[in-house]
Amino acid sequence: MQINLSHIQEGGRAYEGEEPAGILDVENDPFVRAPAPVRYDLLAEVVSQELLVQGRVETELQMACSRCGEFFSTRVCDSSFLRAYELTGEVSLVDLDGDLREAILLKMPLFALCSPDCRGLCSQCGSNLNRGSCGCAPSATDGGAWSVLDELKW
Ligand SMILES: [Zn+2]
Ligand SMILES: [Zn+2]
């Protein structure tokens, strides 16, 4: 998305629309898929020697759950997007794609969970325990170690 400075009138100009998910550049990330466009609803105004852009940026991502590895959909939104671009005499177009991308990446959950009580994978056979018990005998040592780790993470 580009803002043409000559289009910005007194009092600012609203920009609402969407960019293809390609601007997120997550094609090579095995844990994230971006099936939906990036939507923005922004106000741009020129204040002294800067272009101020603020508003909301959001999209829908599919992320791999940190416990069970299954992909799930999650809405990622930066509702207080705010960037300032210094203007020099030569600038007539300001490209926002890099900052839209950054805004979304910063709002992605660091520890993505498909559900707060995801049961994860069996430490012995690797079955997804959300789909039911795998029949492995519970191992006291394993179970103990994992629950301690879980508590540390939180
Ligand atoms: Zn999960
Ligand atoms: Zn198992």
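A short reminder: the numbers here are calculations on the coordinates, not readings from a lab. Predicted, not measured: the structure shown is a model, and the values here were computed from it. Every residue, glycine among them, receives a Cβ derived from its backbone with ideal geometry; neighbour counts consider all protein chains shown.
Apply the Debye scattering formula to region 1-89, with a single equal point scatterer on each alpha-carbon and no solvent, then give log10 I(q)/I(0) at q = 0.14, 0.15 Å⁻¹.
Taken in order of the listed q values, log10 I(q)/I(0) reads -0.60, -0.66.
Which of the GluC sites (Glu not before Pro) found in region 49-97 are loop residues per DSSP with 13 or fewer other Cβ atoms within 10 Å of their Cβ? Don't skip to the answer; put the middle values down first.
Working: sites: Glu50, Glu58, Glu60, Glu70, Glu86, Glu90; in loops: Glu70, Glu90.
Loop-located and lightly packed - Glu90.
Helix-derived [θ] at 222 nm for the chain: sum -39500 (n - 2.57) over DSSP H runs of at least 4, divide by residue count, nearest 500? Write out the running numbers ahead of the final one.
Numbers: 2 runs with 25 residues, N = 154.
That calculation yields -5000 deg cm²/dmol at 222 nm.
Using the basic label-point model (7 angstrom from Cα toward the beta carbon), what is the Arg13 to Glu102 distance in nanometres?
2.3 nm
Under a plain spin-label model, where a point goes 7 Å from the Cα along Cα-to-Cβ, how far apart in nm are Leu93 and Asn4?
1.0 nm
Quick check: the angle from helix 97-107's long axis to the longest principal axis of the chain, C-alpha only, nearest 10 degrees?
Helix 97-107 sits roughly 40 degrees off the main axis of the chain.
How many Å³ per residue does the convex hull of the Cα positions in the chain occupy?
On the way: hull volume 20.2 nm³, N = 154.
Value for the chain: 131 Å³ per residue.
For Arg39, Arg131, Arg67, what ranking results if the residue with the fewest other Cβ atoms within 10 Å of its Cβ goes first?
Details: Arg39 16, Arg131 10, Arg67 20.
Least to most surrounded, the residues fall as Arg131, Arg39, Arg67.
Each label point is 7 Å from the Cα along the Cα-to-Cβ direction; what then is the distance between the points at Phe111 and Ser66, in nm?
Each label point is offset 7 Å from its Cα along the Cβ direction, giving 0.5 nm.
For region 47-118, how big is the tail of P(r) above 18 Å, as a whole percent of Cα pairs? Working shown, then result.
On the way: 1315 of 2556 pairs.
Of all Cα-Cα pairs in region 47-118, 51 percent lie more than 18 Å apart.
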